[in-house]
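Pasting in a structure now, in structure tokens, and then I'll have a few things to ask.
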Amino acid sequence: MSVDKVYLDHAATTPVFPEVAEAMYDLLLHHYGNPSSLHFCGRDAKRYLEEARGQVAALIGAEAEEIFFTSGGTEADNIAIFGSAAVAGGKKHVITSAVEHHAVIDSCKELAEEGYDLTILPVDEYGVVHVEDLQAALRPDTFLVTIMHANNEVGSINPIKELAVAAHQAGALFHVDAVQSVGKIPVDVAELGVDMLTYSAHKINGPKGVGALYKRRGLSISRRVFGGGQEKQLRSGTENMPGIVGFGKAAALTALRWQDEMAECRRLRDLLVELTLTRIPDSRLNGHPSQRLPHNANLSFDYIEGEALLLYLDIAGVACSAGSACSSGSLSPSHVLTAMGLEDRWLHSALRFSLGYGVTEEQIRYTVQVLQDKVAQLRQASPFYQAK
Ligand SMILES: *Cc1c(COP(=O)(O)O)cnc(C)c1O
């Protein structure tokens, strides 16, 4: 079987829907006005800006006025965290979890550097945060709890509704990074009961470099970027119009398509996991068996170096991602898998496969075949595996 280009890294980024690219092209060529300009070109652009805001809002059940466009999920996380710290009124304590994206964890650590108190909640073996742990950590001076909806590495889903209730009972705000969950599982701000929510266009088949912060009506946080006062003063700078229009289109298409597409992703993901676990000895699925995103499979292979297997898959035309990031020449294991308490052998051999629009059963079967061959080949060359 030969299949060219199997893209199984949708948690890193997604291909842009053709309709999204067309909407961006049309905007660039024909609606180039600055939405702040008063003349007809500006008013024309402004209509596109506000239409996109409505589309992006609708995807999470928000009102358009509650959506603030940013340069991506990272900036939205930063604005939520630093913006609420600055209006905390003397409260000094912030809570997050051990498995957050670096946009959240590093922002919280920066606050700690600046003199705030930081609590990093543990997770269970599946990467899930427990409400009791949050309740025990909350203090009268906790101003913010920021916990992700679904994890980008293992796909585990946190009980956001319950966590937000606990935070509110203690008088703290609740921010959720929903970059991975929007368009994959139901995300509705009223249902979740959160004060702020982050999402990003390029994880839902939109363009890179644009995201949004949902901030519930009536909540006021301080700004981080000063200038022309765009986005109701919260985030100055001439709007990234092609990006925003692409985000709007991607949000509208995602709202129509996600349920069917995720049902198919779940079927194919389950097939990938089942074939892998039955055909490849000493392999395992990391993360929660059921409480996980429908398109994510994080798999480990004993006696295998994840990066080596990744390279073999790359050569065979399969794109996925490693659980450990090679930084400055040393292999540093994933903070997520480490927080889950994974044994070393599973930690260093983890690969993340994330499915999305366009992935076929043929591609999944091909991927398993490559995995089977390459794992066997690498183990053949391993004196440790031979001696086991
Ligand atoms: C991708 C991602 C981000 C960052 O979003 P960008 O738009 O790439 O800045 C933040 N949080 C999570 C969970 C992500 O997966």
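Figure the gain on full extension for Ala21 and Gln377 (residue separation times 0.36 nm, minus the Cα-Cα span) and round it to one decimal in nm.
Between Ala21 and Gln377, full extension yields 124.0 nm more.
To the nearest 10 degrees, how steeply does helix 241-279 sit against the main Cα axis of the chain, on a 0 to 90 scale?
20
Oh, and also: How would Arg352, Arg365, Arg224 line up by accessible area, probe 1.4 Å, largest first?
Ranking Arg352, Arg365, Arg224 by accessible area, largest first, yields Arg224, Arg365, Arg352.
Let me ask something else about it. Less than 17 Å apart at the alpha-carbon level, and either on another chain or at least 8 residues along: which lysines does that give for Lys203?
Qualifying lysines at Cα under 17 Å: Lys184, Lys249.
Here's something else I'd like to know. Given a 1.4 Å probe, how much area per residue of the chain is accessible, in Å²?
Per residue, the chain has 42 Å² of solvent-accessible surface.
Which whole-number percent is the relative contact order of the chain (Cα, under 8 Å, 6+ apart)?
22
Skipping prolines and chain starts, which residues have an amide H placed within reach, meaning under 5 Å, of the one on Gly229, given they are 5 or more residues away or on another chain?
Sorted by chain and number, the residues that satisfy this are Ser236, Gly237.
Right, another one. Explain nothing, just compute: Karplus ³J(HN,Hα) = 6.51 cos²θ - 1.76 cosθ + 1.60, θ = phi - 60°, for every residue of region 357-370 in order, whole Hz, x for Gly and Pro.
Running phi through 6.51 cos²θ - 1.76 cosθ + 1.60 with θ = phi - 60° gives 4, x, 6, 10, 5, 4, 5, 5, 5, 4, 4, 5, 4, 4 Hz.
Using a Gaussian network model of the chain whose springs link C-alpha atoms within less than 10 Å, name the residue from Gly171, Gly211, Gly127 with the highest mean-square fluctuation.
Gly171
I'd like to compare 366-376, 133-143: which one has the highest average count of other Cβ atoms within 10 Å, and what's the full order after that?
My ranking of the peptides, most packed first, is 366-376, 133-143.
Turning to a different aspect of this structure: Have a look at Glu153, Glu343, Glu361 and tell me which one the Gaussian network model of the chain (Cα, springs below 10 Å) gives the largest fluctuation.
Ranking Glu153, Glu343, Glu361 by mean-square fluctuation puts Glu343 first.
Just to confirm the number: angle between the C-alpha axis of helix 102-113 and the first principal axis of the chain, 0 to 90 degrees, nearest 10?
Around 70 degrees separate the two axes.
For region 1-50, state the average projected area of the convex hull of the C-alpha atoms over all orientations, rounded to one decimal in nm².
The directionally averaged projection comes out at 5.4 nm².
Of Ala57, Ala170, Ala322, which is the most mobile in a GNM of the chain whose springs link Cα atoms less than 10 angstrom apart?
Ala170
Now a separate question. Rg and Dmax of the chain over Cα atoms: what are they, in angstrom?
Over the chain's Cα set, Rg and Dmax evaluate to 21.7, 77 Å.
Then there's this: Say R0 is 51 Å: what FRET efficiency, to the nearest 0.05, do Ala308 and His39 get from their beta-carbon distance?
E between Ala308 and His39, to the nearest 0.05, is 0.30.
OK, next. Sort the following peptides by mean Cβ neighbour count (other Cβ atoms within 10 Å, averaged over residues), highest first: 154-166, 302-314, 28-40, 193-205.
193-205, 154-166, 302-314, 28-40
Another one. Quick one: with all protein chains in place, what share of the accessible area of the chain is carbon or sulfur, to the nearest percent (1.4 Å probe)?
Carbon and sulfur atoms account for 53 percent of the accessible area of the chain.
Quick one: helix 18-30 against the long Cα principal axis of the chain, what's the angle to the nearest 10°, folded into 0 to 90?
With both axes taken from Cα atoms, the answer is about 40 degrees.
Which entries of Lys5/Lys374; Lys46/Lys208; Lys91/Lys232; Lys46/Lys232; Lys161/Lys215 show an alpha-carbon separation above 24 angstrom in the structure shown?
Lys91/Lys232
The values are calculated or read from the model by the stated rules, or taken from the named source; none is laboratory data. Values in this document were obtained by computation on a predicted structure and should not be read as measured data. In this analysis, Cβ positions are derived from the backbone assuming ideal geometry, glycine residues included, and neighbour counts consider all displayed protein chains. Keep in mind that these areas ignore ligands, DNA and RNA; they rest on the heavy atoms of the full protein, side chains included. Shrake-Rupley method; radii C 1.70, N 1.55, O 1.52, S 1.80 Å.
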